[in-house]
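J.: Pasting in a structure now, in structure tokens, and then I'll have a few things to ask.
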């Protein structure tokens, strides 16, 4: 019974926060570019419009199941991330999961969707998938290294335990282990598919990349999962670095602060090529990560 | 007659299972002097015998379809005998005999493929003979240290004696495992072996090297159980929370997996890609053995089990594709998903396991290894492992995209039919095993891994329930993950159908967004051949792909020759130079002694 | 070769001019109204730069005129687009690509043709290879005249289209579906051997469930 309320609540929270955050993102970008920009609900309109398209083209069973897998992956991921600290609500199944599992769940959906992209037979889509996997190869190394620093610091892979260990601002991982945060910050931007690492779906280069063949309701479904998964990622970072949140308002405030930081970084940088991005990840964030390892692990 | 031979063959393939089930008690057979041959089923060897018992019949069933070639069957049976002798051996003589039987029977089996070239055969037998000689050398060192052949921990061992013992044995086993740069024989022989036999090479034979490596650790004083004070750590000190020598082994494993992963991405041939992926996966196991903690050895064993199942599945499925199309290159296939659906699911399950994605057991074993690296505080090794583990997604995707998705690139791919039942039966069994193990990683740990860990004197991992994989750092529940994902999938799909609007099937595979153009069969739409080529623009990857192991050895030869040339300069034809040199050496020696105050 | 009387656009076909379909009986239900409002608020544009009119799309989309205020953004591929903008004169060679792009869009979909050339050929009125009346080949929902129409005019056209969408008036895509044979006959007349393969449109005949 508890689950019956908790699960829809988590999904709804992540969806609502998702379209509001992305609506804000579009407004914020618009103001930076000195224009008015769309309403803050624009992403909801876009998403519902696509979900209510009266025609949807499918390229066969595997193509159909791809978007279903990616949404299931997003829902599963969100349900394994604890949203609140010291609360029985918005926990989902997070007691049965851990940080490494969540990191792997993040890519589960996109990999399933990659099958659908391949089965559509459009070479631009597969090109986009290859770029995405290449970028993933670049970003995961520093990202995981930064998270490993956190896991080592608390000697656990449980998100609950990491969250519980940060009870005051002075104990936030952001304060106690700032280098880990710096290491994961840029790879995290890439994992949110934000500029300057957004070459995967570049419309002008690979024709929208993995999404090239998806239209109608499929595209709506892809937008939905993207918004939910982004919120999931933000909440995970809040849990790990900003001490978690005891109620929904604190969660929104912290997630929003993080989102604002990421948005501000990504708003002003031009897009990198795939290999530039990978090379960058292996030099700057990974170099910083190695420094972090030497400083916090070796020299202790 | 043929049927009888096949029946006999099938019975022979079940012999490891029979041995595993009925063997009880040790068998000692006095050989000469005070040397006895010992055959015993320790939990460690029982684990690896279990792999053979699982793999042997599943790999044998596809072989039944070939025309009854009794030499193949006989050699395969001999290979199984060799592996059983090797695993049951309680002393080094039996181990060596088993090792040699295994090497030679697999070599002769390899030669039975029409595709095997001279270079492949040479590299296979020469490197494996080197491995056997190194093993022999290690055994002799062991005898000189202990005065016996029985496999047990050496009582006391200095660092140099340890090096003399570990060096040759590790070389022997690492060749079998196929670590870079000793992997020369692996890709070509896995590729050119008979299609149904490659599965055995990759799934079972490479595991014998893993068995050897773990066995090697038990030889050290205190064995694995000594924790930080025993084993490798006791001999060569510690680095952070692990043995320093294990750190070296860990890097050997990780560099192997990184190099092999990028090589795999660059391959054009399906079997060669799988061969490189084998090297990479076994590299993870090597790393875990280097860590040597209870978590790591548990992860290594679990990964050995998972890798055996996955590689049997993938090699058998690919053999089915090669059988039906006669093609093995990525650029020639495509769109087989509608023609070979069961094979598609075989490869799908296989690559999900290979990539280590959560619902399947590939994640469980990688999870254990990752946690063990964090536990040992070897984070740089962890980062390097993540690199190869993530790059593996690329070749996994290629393995499923190029043959099954996209557009058919050849007439054979357009007319292929599903693989015969002899291929499908093992595939379905293996898929079932993988899914079951993914659902119940806790059960897998409890049944297969914990007995070995207990026997090695390590803390068993334990598991509170069948589905839950528990570590001191936290765990996860396979059943819950699978149930949540499955539930979400069902709910999402039904919700999707509740939405209004028509679904329309594309009328043609060429109905693509293609910048307003209408592609047809002459348009190059299949991206399978070129996939991963753009990776070469990344400097590190370009460097790895630009260098081959052959090149490494050629460079070594060049350096050796240059050094020899430098020495040869001293040997001139004129006697005066000789006398001058002798005088100089004499004078130098006198000076040194004078300065040292010797005179 | 080219004869004046054969030139596309001079044969008037009065029946084709106003092929209106009946609107929904008794107006829209509440859900339909909501959906129509969402559709109105979110228009993804596939700007087909067929002619010089493409130059007017850039200021429309960027900071100066900021069409994103109205929920109008660019789409990368036809599959994701709601509005096809034919910007400027349309050569027969380009017509084939435009038709292909239009048929790949997912319904509901709309066509906006801008510039005089799309209405009557404009300064290419006697050209042998310029389409004079786009609505003979594709169901144009909204013409925006001018040579070139300024971004303000474009915005007005888009807003007018949004009004029609919100009122639930039948879109051109329904007309295309109803009268596919007529459109295809016209297309075949100018494209000739260069006609698109059958599979690209025969699902229209199968009632959309092919």
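J.: Does region B:112-124 hold any residues that are surrounded by fewer than 16 Cβ atoms within 10 Å (Cβ to Cβ) and part of a helix (DSSP H, G or I), and which are they?
T.: Across region B:112-124, the qualifying residues are B:118, B:119, B:122.
J.: Of the conditions (1) part of a loop (DSSP other than H, G, I, E, B); (2) modelled with pLDDT under 85; (3) surrounded by 15 or more Cβ atoms within 10 Å (Cβ to Cβ); (4) touching a helix residue (DSSP H, G or I) at 6+ places or on another chain (Cβ under 8 Å), residue B:525 fails just one. Which one is it?
T.: Every condition holds for residue B:525 apart from (2).
J.: Of everything in region A:155-173, what is under 18 Å from residue A:80 (Cβ atoms) and either modelled with pLDDT under 90 or assigned to a helix (DSSP H, G or I) (or both)? Give them in sequence order.
T.: A:159, A:160, A:161, A:162, A:163, A:164
J.: Let me ask another. Output yes when any residue across region B:361-372 is touching a helix residue (DSSP H, G or I) at 6+ places or on another chain (Cβ under 7 Å), facing chain A (nearest Cβ under 7 Å) and surrounded by fewer than 24 Cβ atoms within 10 Å (Cβ to Cβ), and no when none is.
T.: At the first step, the residues of region B:361-372 found to be touching a helix residue (DSSP H, G or I) at 6+ places or on another chain (Cβ under 7 Å) are B:361-372.
Add one more test, that the residue is facing chain A (nearest Cβ under 7 Å), and what stays is B:363, B:367, B:370-371.
Those left that are additionally surrounded by fewer than 24 Cβ atoms within 10 Å (Cβ to Cβ): none.
Checked against the condition, which is being touching a helix residue (DSSP H, G or I) at 6+ places or on another chain (Cβ under 7 Å), facing chain A (nearest Cβ under 7 Å) and surrounded by fewer than 24 Cβ atoms within 10 Å (Cβ to Cβ), region B:361-372 yields no hits at all.
J.: Continuing with this model, one more query. Within region A:216-237, work out how many residues are farther than 25 Å from residue A:144 by Cα and either part of a loop (DSSP other than H, G, I, E, B) or under 14 Å from the mean Cα position of the chain (by Cα) (or both).
T.: Within region A:216-237, residues that are farther than 25 Å from residue A:144 by Cα and either part of a loop (DSSP other than H, G, I, E, B) or under 14 Å from the mean Cα position of the chain (by Cα) (or both) number 3.
J.: I'd like to check something: does region B:485-505 contain any residue that is touching a residue at least 60 places away in the same chain (Cβ under 8 Å) and either under 28 Å from residue C:84 (Cβ atoms) or in contact with a helix residue (DSSP H, G or I) (Cβ under 7 Å, 6 or more places away or on another chain) (or both)?
T.: yes
J.: For a quick check of your reading: which strands (runs of 3 or more DSSP E) sit entirely within region C:40-140 and have at least 2 residues that are over 20 Å from residue A:56 (Cβ atoms) and away from chain A (no Cβ under 14 Å)?
T.: Per the criteria, C:83-87, C:110-114.
J.: Please tell me if residue B:320 is within 14 Å of chain A (Cβ to nearest Cβ), buried (at least 24 other Cβ atoms within 10 Å of the Cβ) and touching a helix residue (DSSP H, G or I) at 6+ places or on another chain (Cβ under 8 Å).
T.: no
J.: Just for helices (runs of 4 or more DSSP H) wholly inside region A:1-85: which have at least 3 residues that are within 12 Å of another protein chain (Cβ to nearest Cβ), within 22 Å of residue A:158 (Cα to Cα) and touching a helix residue (DSSP H, G or I) at 6+ places or on another chain (Cβ under 7 Å)? Show your work before the answer.
T.: Numbers: elements: A:2-32, A:42-51, A:61-79.
In region A:1-85, A:2-32, A:61-79 are the helices (runs of 4 or more DSSP H) which contain 3 or more residues that are within 12 Å of another protein chain (Cβ to nearest Cβ), within 22 Å of residue A:158 (Cα to Cα) and touching a helix residue (DSSP H, G or I) at 6+ places or on another chain (Cβ under 7 Å).
J.: Next up: Name the residues in region B:326-343 that are surrounded by fewer than 23 Cβ atoms within 10 Å (Cβ to Cβ) and at negative phi, would you?
T.: Correct list: B:327, B:328, B:329, B:331, B:332, B:338, B:339, B:341, B:342.
J.: So, one more: Go through the residues of region B:459-475 one by one and say whether even a single one is under 25 Å from the mean Cα position of the chain (by Cα), surrounded by fewer than 18 Cβ atoms within 10 Å (Cβ to Cβ), at pLDDT 90 or above and over 16 Å from residue B:360 (Cβ atoms).
T.: no
J.: A further question on this structure: Can you tell me which of A:216, A:201, A:232 is within 14 Å of another protein chain (Cβ to nearest Cβ), within 28 Å of residue B:492 (Cβ to Cβ), surrounded by fewer than 20 Cβ atoms within 10 Å (Cβ to Cβ) and touching a residue at least 12 places away in the same chain (Cβ under 8 Å)?
T.: Within the list A:216, A:201, A:232, the selection yields A:201.
J.: Residues being farther than 18 Å from residue C:82 by Cα, surrounded by 16 or more Cβ atoms within 10 Å (Cβ to Cβ) and at pLDDT 90 or above: count how many of those fall in region C:147-181.
T.: Of the residues in that region, 3 qualify.
J.: Any residue that is touching a strand residue (DSSP E or B) at 6+ places or on another chain (Cβ under 9 Å) and farther than 21 Å from residue B:354 by Cα - is there at least one of those in region B:436-453?
T.: No, region B:436-453 contains no residue that is touching a strand residue (DSSP E or B) at 6+ places or on another chain (Cβ under 9 Å) and farther than 21 Å from residue B:354 by Cα.
J.: Can you go through B:58, B:87, B:80 and tell me which one is under 20 Å from residue B:219 (Cβ atoms), crowded, with 20+ Cβ neighbours inside 10 Å, in the same structural domain as residue B:173 (by TED's automatic domain parsing) and touching a helix residue (DSSP H, G or I) at 6+ places or on another chain (Cβ under 6 Å)?
T.: Sole residue among the options that is under 20 Å from residue B:219 (Cβ atoms), crowded, with 20+ Cβ neighbours inside 10 Å, in the same structural domain as residue B:173 (by TED's automatic domain parsing) and touching a helix residue (DSSP H, G or I) at 6+ places or on another chain (Cβ under 6 Å): B:87.
J.: Still on this structure, please answer the following. For region B:18-41, does any single residue satisfy the condition of being under 20 Å from the mean Cα position of the chain (by Cα), assigned to a helix (DSSP H, G or I) and in contact (Cβ under 8 Å) with a residue 40 or more places away in the chain?
T.: No, because not a single residue in region B:18-41 is under 20 Å from the mean Cα position of the chain (by Cα), assigned to a helix (DSSP H, G or I) and in contact (Cβ under 8 Å) with a residue 40 or more places away in the chain.
J.: Then there is this: How many residues does region B:490-516 contain that are touching a strand residue (DSSP E or B) at 6+ places or on another chain (Cβ under 7 Å) and more than 7 Å from every other protein chain (Cβ to nearest Cβ)?
T.: As a first pass, look at region B:490-516 and keep what is touching a strand residue (DSSP E or B) at 6+ places or on another chain (Cβ under 7 Å): B:501-506.
Right, trim to more than 7 Å from every other protein chain (Cβ to nearest Cβ) and you get none.
Looking only at that region, the number is 0.
J.: Against the definition (surrounded by fewer than 17 Cβ atoms within 10 Å (Cβ to Cβ) and within 15 Å of residue C:69 (Cβ to Cβ)), how does residue A:26 come out, yes or no?
T.: So residue A:26 fails the test.
J.: Another question, then. So which of A:290, A:278 is closer than 22 Å to residue B:374 by Cα and within 11 Å of chain B (Cβ to nearest Cβ)?
T.: A:290
J.: For region A:238-251, which positions are crowded, with 21+ Cβ neighbours inside 10 Å and either part of a helix (DSSP H, G or I) or touching a strand residue (DSSP E or B) at 6+ places or on another chain (Cβ under 7 Å) (or both)?
T.: A:238, A:239, A:240, A:241, A:251, listed by residue number.
J.: What residue, of B:318, B:342, B:369, is more than 23 Å from residue B:65 (Cα to Cα), out of contact with any strand residue (DSSP E or B) (no Cβ under 9 Å at 6 or more places or on another chain) and in the same structural domain as residue B:426 (by TED's automatic domain parsing)?
T.: It is B:369.
J.: Taking residue B:402 as the residue in question, decide whether it is part of a helix (DSSP H, G or I), crowded, with 24+ Cβ neighbours inside 10 Å, in contact with a strand residue (DSSP E or B) (Cβ under 8 Å, 6 or more places away or on another chain) and more than 8 Å from chain A (Cβ to nearest Cβ).
T.: Values: part of a helix (DSSP H, G or I): yes; crowded, with 24+ Cβ neighbours inside 10 Å: yes; in contact with a strand residue (DSSP E or B) (Cβ under 8 Å, 6 or more places away or on another chain): no; more than 8 Å from chain A (Cβ to nearest Cβ): yes.
Answer is no for this residue.
J.: Look at residue B:139 and say whether it is more than 30 Å from residue B:234 (Cα to Cα) and in the same structural domain as residue B:76 (by TED's automatic domain parsing).
T.: For residue B:139, the condition - more than 30 Å from residue B:234 (Cα to Cα) and in the same structural domain as residue B:76 (by TED's automatic domain parsing) - is not met.
J.: Another question, then. Might you check whether a residue that is within 30 Å of residue C:203 (Cβ to Cβ), touching a residue at least 12 places away in the same chain (Cβ under 8 Å) and facing another protein chain (nearest Cβ under 7 Å) occurs anywhere in region A:127-137?
T.: yes
J.: Looking at residue A:105 and the list (1) facing chain B (nearest Cβ under 9 Å); (2) touching a residue at least 40 places away in the same chain (Cβ under 8 Å), which single condition is not satisfied?
T.: The one condition residue A:105 does not meet is (2).
The values are calculated or read from the model by the stated rules, or taken from the named source; none is laboratory data. Just so we're clear, the structure is a prediction, and the values are computed from it rather than from any experiment. Reconstructed Cβ throughout: ideal geometry from the backbone, glycine too, with neighbour counts over all protein chains shown.
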